[in-house]
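*Asks:* Let me begin by handing over the structure; questions about it come next.
We did not get these values from a lab; they are worked out from the coordinates using the rules stated. Please read these numbers as outputs of a predicted model, since none were measured by experiment. We place every Cβ from the backbone using ideal geometry, glycine too, and count neighbours over all the protein chains shown.
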């Protein structure tokens, strides 16, 4: 009778199992054509928005935010023209790590001015590029003339900010959440600190605008920091291309999301989306703009987002700049003549007169790449050790691993096996389920898969005791081994690592057992699977009895690189965080 009742219960949750695991077949990448998500209500979006902000911060290695060192701003080399000035600037964004740029200010006026943070794209000359398609100097001079204080600052590895190259970091750095995207986002946060510290800046009136990679910096900054009140990301918000540089991609950043949704985090603050017919923003008026506007309309602020598109290649050309001038003039300066604003010609300065470190040495305490890595790791360790709340530690691990606790698990029988799946996810977890009377079950996980788990000493013992036993083929183990194309550029930006998916599958199996009315679960992790089980147990909100001998796994970087590669896992606290959570359960 118990077996009949079990299969009746299975039928209640049964569906057609996915023929293949979507985590293998639905590989996302930067040129995937994404579909915009829609939201039925403002509370639904706000819940999603809070999740996205934390996902971005975690992916950027900024969860929690690093401590803020003194900026120690140095402003010098002033060039004056009739109605504007240009100065050289460098600030300290991390101890011994310096960001350089040029400060454009109005002359002949008094009072406090709105400020504009101006990151740049991947033009050859960076913030000093002055060509027909891109020019930060023309933007800076014209904005200063209109009454803004604009700071045009470097990407890492460009112009004067060359302590480290503009290149992707390695796997060890990824464990600690250290990469170009996070460093540049942190630089932008410190730029806001710098601008707000200036005596001639109104700290409540800050805008951000940049093109291409600078457009990515623009909407990422506005996603995680509410101080920018106005923005214009230029030629970057797209559903068909998400960014082609290491500074625009970080592991875990766009798992389950895309730039349109990230840019929507600006809502309901005013934003102008500038697009071009000759790049990946060619569909903006018909696709990306309506999707973003739908989010603004949830706030009743649909009129706060606008778009303009020009027949041009990838650019921040004069037409695009004039569109931004007009948008800001109307929204920030309240100028009645905003529609008539045109860009004026500028006096071209010599490049060496704008370079911050031309003929000038870097500060004596400036650090190189290796020192930056070790300093970042040491600071992260201190933050992790200072965090005592298990709920905070669990949240950080959740965002690093990307796991979710399933509300429901769907099942289908395939011969002697079950296949477990989360609704709407398209994942499949093959399992051997050996039900027995009782409310205490044993979940056995083995790196060789379900058969190896069942036939292990632990599996045989549980069966001999008459316990209900569940053994699973965790992701890419046992019968779940399948081709997975990991060759796409920035694979981990859009897809979870194998080990992260294995933790998810254990949590899915735990949810399945709870669904059967099981009150106590003994989770047994064998060999390498002991590490997967340890992190799954730490994430499980309901207590588990954990049997997972870690052997020689002590939580070092080498251990994680070899046995449990999950980007951001060390930044989130690593093994010590998991063990502290388990000790507190």
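*Asks:* Between the helical axis of 574-584 and the dominant principal axis of the chain, each derived from Cα atoms, what acute angle in degrees is found, rounded to the nearest 10?
*Replies:* Helix 574-584 sits at roughly 60 degrees to that axis.
*Asks:* Over all directions, the average projected area of the alpha-carbon convex hull for the chain comes to how many nm²? Kindly include the intermediate steps, with their values, before the conclusion.
*Replies:* Values: hull surface 109.6 nm².
So the Cα hull casts an average projection of 27.4 nm².
*Asks:* How do 51, 166 line up, fewest other C-beta atoms within 10 Å first? Walk me through the numbers before you get to the answer.
*Replies:* Details: 51 13, 166 19.
Ranked by crowding around the Cβ, least crowded first: 51, 166.
*Asks:* If you don't mind, there's one more thing I want to ask. Roughly how many Å is it from the Cα centre of the stretch 62-115 to that of the stretch 269-311, as a whole number?
*Replies:* 31
*Asks:* Also, I was wondering about something else. Could you please state, rounded to a whole Å, how far the C-alpha centre of the stretch 465-528 is from the C-alpha centre of the stretch 140-206?
*Replies:* With the stretch 465-528 and the stretch 140-206 each reduced to a Cα centre, they are spaced 40 Å.
*Asks:* Compute the helix-to-body angle for 288-298: its Cα long axis versus the longest principal axis of the chain, expressed 0 to 90° and rounded to tens.
*Replies:* Orientation of helix 288-298: about 80 degrees from the principal axis.
*Asks:* Sorted from fewest to most neighbouring beta carbons within 10 Å, what does the list 211, 410, 349 look like?
*Replies:* Working: 211 33, 410 20, 349 16.
Going from least to most buried by this count: 349, 410, 211.
*Asks:* Something else about it: Compute the relative contact order of the stretch 47-380 as a whole-number percentage, counting only Cα pairs closer than 8 Å that sit 6 or more residues apart in sequence. Don't skip to the answer; put the middle values down first.
*Replies:* Working: 669 pairs, mean separation 59.5, N = 334.
It rounds to 18 percent for the stretch 47-380.
*Asks:* By counting other Cβ atoms within 10 Å of each Cβ, how are 371, 269, 502, 382 ranked from fewest to most? Don't skip to the end; give the middle numbers.
*Replies:* Values: 371 15, 269 19, 502 31, 382 11.
Least to most surrounded, the residues fall as 382, 371, 269, 502.
*Asks:* Another question, then. For the stretch 47-380, list log₁₀ I(q)/I(0) at each q in 0.08, 0.13 Å⁻¹, using the Debye formula over Cα point scatterers of equal strength and ignoring solvent, two decimals each.
*Replies:* Treating every Cα as an identical point scatterer, log10 I(q)/I(0) equals -0.33, -0.94.
*Asks:* Report the Cα centroid-to-centroid distance between the stretch 530-585 and the stretch 438-462 in angstrom, as an integer.
*Replies:* 20
*Asks:* Under 17 Å from a point placed 7 Å out from the Cα of residue 486 along the Cα-to-Cβ direction: which residues of the stretch 564-580 have their backbone N that close?
*Replies:* 564-569
*Asks:* Mind ordering 360-366, 174-180, 282-288 by average Cβ neighbours within 10 Å, highest first? Can you show the working numbers first?
*Replies:* Working: 360-366: 11.7, 174-180: 25.1, 282-288: 18.3.
Ranking, from highest mean packing down: 174-180, 282-288, 360-366.
*Asks:* Considering only DSSP beta bridges whose two residues both sit in the stretch 47-380, what percent are antiparallel, to the nearest 5? All intermediate terms of the calculation are to be shown ahead of the outcome.
*Replies:* Values: 21 of 44 bridges.
Among the beta bridges of the stretch 47-380, antiparallel pairing accounts for roughly 50 percent.
*Asks:* With contacts defined as alpha carbon pairs under 8 Å and 6 or more residues apart, what's the relative contact order of the chain in percent? Intermediate values should be presented prior to the final figure.
*Replies:* Values: 1199 pairs, mean separation 95.1, N = 585.
Normalised by residue count, the contact order of the chain is 16 percent.
*Asks:* Once you place label points 7 Å from the Cα toward the Cβ at residue 542 and residue 76, how far apart are they in nm?
*Replies:* 6.5
*Asks:* When the helices in the chain are scored as -39500 (n - 2.57) per DSSP H run of 4 or longer and the sum is shared across all residues, what 222 nm value do you end up with, to the nearest 500 deg cm²/dmol?
*Replies:* On the way: 20 runs with 206 residues, N = 585.
Helices in the chain give a 222 nm mean residue ellipticity of -10500 deg cm²/dmol.
*Asks:* Moving on. Looking at the chain, send over the antiparallel percent of its DSSP beta bridges, to the nearest 5.
*Replies:* Working: 34 of 70 bridges.
Percentage antiparallel, nearest 5: 50.
*Asks:* Still on this model: In percent, what relative contact order does the stretch 182-289 have, based on Cα pairs under 8 Å that are 6 or more apart in sequence?
*Replies:* Numbers: 153 pairs, mean separation 28.6, N = 108.
Computed value for the stretch 182-289: 27 percent relative contact order.
*Asks:* Another question, then. At residue 391 and residue 457, where each label point lies 7 Å from the Cα along Cα→Cβ, what is the point-to-point distance in nanometres?
*Replies:* Spacing of the two 7 Å Cα→Cβ label points: 4.1 nm.
*Asks:* If I model a spin label at residue 225 and residue 464 as a point 7 Å from the Cα along the Cα→Cβ vector, what separation in nanometres do I get?
*Replies:* With each label placed 7 Å out from Cα toward Cβ, I get 6.3 nm.
*Asks:* Students often get this wrong: which residues of the stretch 187-222 have the backbone nitrogen under 14 Å from the point 7 angstrom along Cα-to-C-beta of residue 65?
*Replies:* Within reach of a label on residue 65: 187-197, 221-222.
*Asks:* May I pose another question? Quick check: the angle from helix 369-386's long axis to the longest principal axis of the chain, C-alpha only, nearest 10 degrees?
*Replies:* The angle comes out at about 60 degrees.
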